[in-house]
Each structure stands twice: as structure tokens, then as C-alpha cells.
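These notes concern the structure reproduced below.
The values are calculated or read from the model by the stated rules, or taken from the named source; none is laboratory data. Remember, predicted model here, so these are calculated numbers, not experimental data. Here Cβ is always computed from backbone atoms with ideal geometry, including for glycine, and neighbour counts include all displayed protein chains.
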Amino acid sequence: MQHTFALMAQSFWPLLAAGLAFTVPLTILSFSGGIAVGFVTALARLYAKGPANAIARFYVWLVRGTPLLVQLFIIFYGLPKVGIVLDAFPAALIGFILNVGAYTSETIRAAIASVSKGQWEASYSIGMTWSQAMRRTILPQAARVATPPLANSFISLVKDTSLAASLTVPELFQTGQQIAAVTYEPLILYTEVAIIYLVFSSVLSRLQSRLETRLDARSGARAVA
């Protein structure tokens, strides 16, 4: 038991440092880029016609129908065969952005579609353009609907970034693998890695609950007004 605690204490800071240096930035950058891609894709599926709509539908169908790990392998190990060579971190980032974009596009599309047509009509009746109505009326209402599922996607992404270890990104999980290979204590190391992921996810879940409570309070205040 003393050996277990000593090993966990010794490996804690290298694991945490890897999480803060790679896992957290990879998660934030991937989610931010994925939201941007998802928003454009959602608009294309809702309002675009012709090739743009078809491309958006094909992209969502392709990404949602294939495993994330396979997508990462194609980008990092497959693209060099056609002359496109990427370092591990950029390859993982691109893969996660494309994956997150496909899934969040469906969430954003459903949230925008949930806003009643009367809101559009009311916006147009006071002289707003389409872009003004979208920015000032539709998106604020859609954001309240989309926030819970998007927050869940963000928390899931924290754990999914462990797949970047397969591309040699020195994030939390791969650092745990490296230490386990040296110490020959996989049970202890992987348990500690799981605990750190659990702490990250728990903090984010708590922040999600606070955000949802604040959004509900604002929505209630506006309804009373």
C-alpha cells in the first residue's frame, strides 16, 4: 500500500502537467473549432440549397458513420501516402475539430429549428434583416436550447482526447502509458489517469450545472418581464 501511494504521488505531477499542457488545450481548441464548423454546417443544412447543402449532409453522414479513431488514423497515418504530412498534435486537432463539428452541427441545427417561425416574423416586422434576426433574436433563444447538449459534448471530448495517444501526442493518457511501461504498474497508473480524467469531468459538470441554472434564471426573468 505504501508503494502504491508513493508511486501515485511521484507520477501525479507529470500526469497533471501532461493534462494541462496537452489535454486541456487540445480539448478547448478542438471544441472551439468544432463549434465554428458545426455552426456553418448547421446553417448550410437549414438554409443552403444545391451543392452546399449536399456537401454539408455528406460531411455529417461520413463523420458520424465512422469511428473517431479511424478518422484520426486516416489523417495522421494515411494522408502521408498522398504527400500530406502532419505533426501529431495538428493531426489530432484537425481530426477532433471535424468530428466535433459534425456532431455539434446536429445540435445547433435542432436548436435553431426549435425557435418558432413567429420569432422570424416578429423580427422582420420591425425591419430586421435576416442576419440581424438571426443574431439578435434566433441565436439567443437557440443558445439556451443548445447549451446542455453542447456542454455534454465538451465533457465527452475531454475523455475522447485520450485517443490522441495513438498518434503519439504526449497528453495525459500517453504519459500514463509511458510511466506504466517504466514502472510495470499499469493498474496503479491507469487508475490514477482515470481519477484525473474524473476530476476534470466533475469540474466541468459542475460548471455546466451553474451555467444551466443561470440561463434558466435569465429565461425566467425575461418571461416575467
Checklist entry - What number goes with the only condition from (1) closer than 22 Å to Leu204 by Cα; (2) crowded, with 16+ Cβ neighbours inside 10 Å that Ala91 does not pass? => result (1)
Checklist entry - Residues in segment 19-30: is at least one of a type in the set (S, T, N, Q), in a helix (DSSP H, G or I) and farther than 30 Å from Val199 by Cα? => result no
Checklist entry - Is it true that some residue in segment 132-139 is under 18 Å from the mean Cα position of the chain (by Cα), assigned to a helix (DSSP H, G or I) and surrounded by fewer than 19 Cβ atoms within 10 Å (Cβ to Cβ)? => result no
Item to check | Residues located in segment 40-53, provided they are assigned to a helix (DSSP H, G or I) and surrounded by fewer than 18 Cβ atoms within 10 Å (Cβ to Cβ) | outcome: Val40, Leu43, Leu46, Tyr47, Pro51, Ala52, Asn53
Checklist entry - Is it true that Ile108 is in contact with a Phe, Trp or Tyr (Cβ under 7 Å, 6 or more places away or on another chain) and surrounded by 14 or more Cβ atoms within 10 Å (Cβ to Cβ)? => result yes
Item to check | Cβ pairs under 6 Å, 6+ apart, first in segment 102-124 and in contact (Cβ under 8 Å) with a residue 40 or more places away in the chain and under 17 Å from Gly33 (Cβ atoms), second surrounded by fewer than 16 Cβ atoms within 10 Å (Cβ to Cβ) and among the basic types (Lys, Arg) | outcome: Ala102/Arg64
Checklist entry - Taking only pairs six or more apart or across chains, which ones have beta-carbon atoms under 7 Å, a first residue in segment 88-99 that is more than 15 Å from Phe154 (Cα to Cα), and a second residue that is modelled with pLDDT of 95 or more and not in a helix (DSSP H, G or I)? => result Ala88/Val169; Phe89/Val169; Ala92/Val169
Next on the checklist: out of contact with any strand residue (DSSP E or B) (no Cβ under 7 Å at 6 or more places or on another chain), free of Cβ contacts under 8 Å to residues at least 60 places away in the same chain and within 20 Å of Thr27 (Cα to Cα): which single residue out of Ser131, Ser166, Ser156 fits that description?
Outcome noted: Ser156
Next on the checklist: So in segment 54-83, with the set limited to residues that are small (Gly, Ala, Ser) and assigned to a helix (DSSP H, G or I), which one is surrounded by the most Cβ atoms within 10 Å (Cβ to Cβ)?
Outcome noted: Ala56
Checklist entry - What are the residues in segment 156-186 that are crowded, with 18+ Cβ neighbours inside 10 Å, part of a helix (DSSP H, G or I) and either β-branched (Val, Ile, Thr) or out of contact with any helix residue (DSSP H, G or I) (no Cβ under 7 Å at 6 or more places or on another chain) (or both), if any? => result Val158, Thr161, Thr175, Ile179
